[in-house]
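As structure tokens, the structure follows; a few thoughts come after it.
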Amino acid sequence: MELTGDIATIGYGLATIGPGIGLGLTVAKTQEALARQPEVAGPLRVNMFIGMALIEALGLIGLAAGFVF
């Protein structure tokens, strides 16, 4: 059996797992912080969304690179 294609495509696809885990941890820790101190909900929410945007950008770059290469 002969495999064709590029192994890098699989690697780029697997690279999106890291940002997925990062998003989960970010949201989980924000919820934990909100449960402890509900009065800081505004600033925590803003910081969470900024962090989520950066993490999601990494995931999209990895996914798009898998399709390009």
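The values are calculated or read from the model by the stated rules, or taken from the named source; none is laboratory data. Everything numeric here is computed off the predicted structure, so don't read it as measured data. Neighbour counts are summed over all protein chains in view; Cβ atoms, including those assigned to glycine, are modelled from backbone coordinates with ideal geometry.
For beta carbons closer than 9 Å, sequence separation of 6+ or different chains, a first residue in the stretch 35-58 that is within 29 Å of G13 (Cβ to Cβ) and a second that is surrounded by 12 or more Cβ atoms within 10 Å (Cβ to Cβ) and charged (D, E, K, R), the qualifying pairs are M48/K29. Considering the stretch 1-49, the residues that are among the polar types (S, T, N, Q) and modelled with pLDDT under 85 include one that is nearest to L60 (Cα to Cα), namely T16. Tally the residues that are in contact with a helix residue (DSSP H, G or I) (Cβ under 9 Å, 6 or more places away or on another chain), exposed (fewer than 14 other Cβ atoms within 10 Å of the Cβ) and of a type in the set (D, E, K, R), restricting the search to the stretch 25-60. So the answer is 2.
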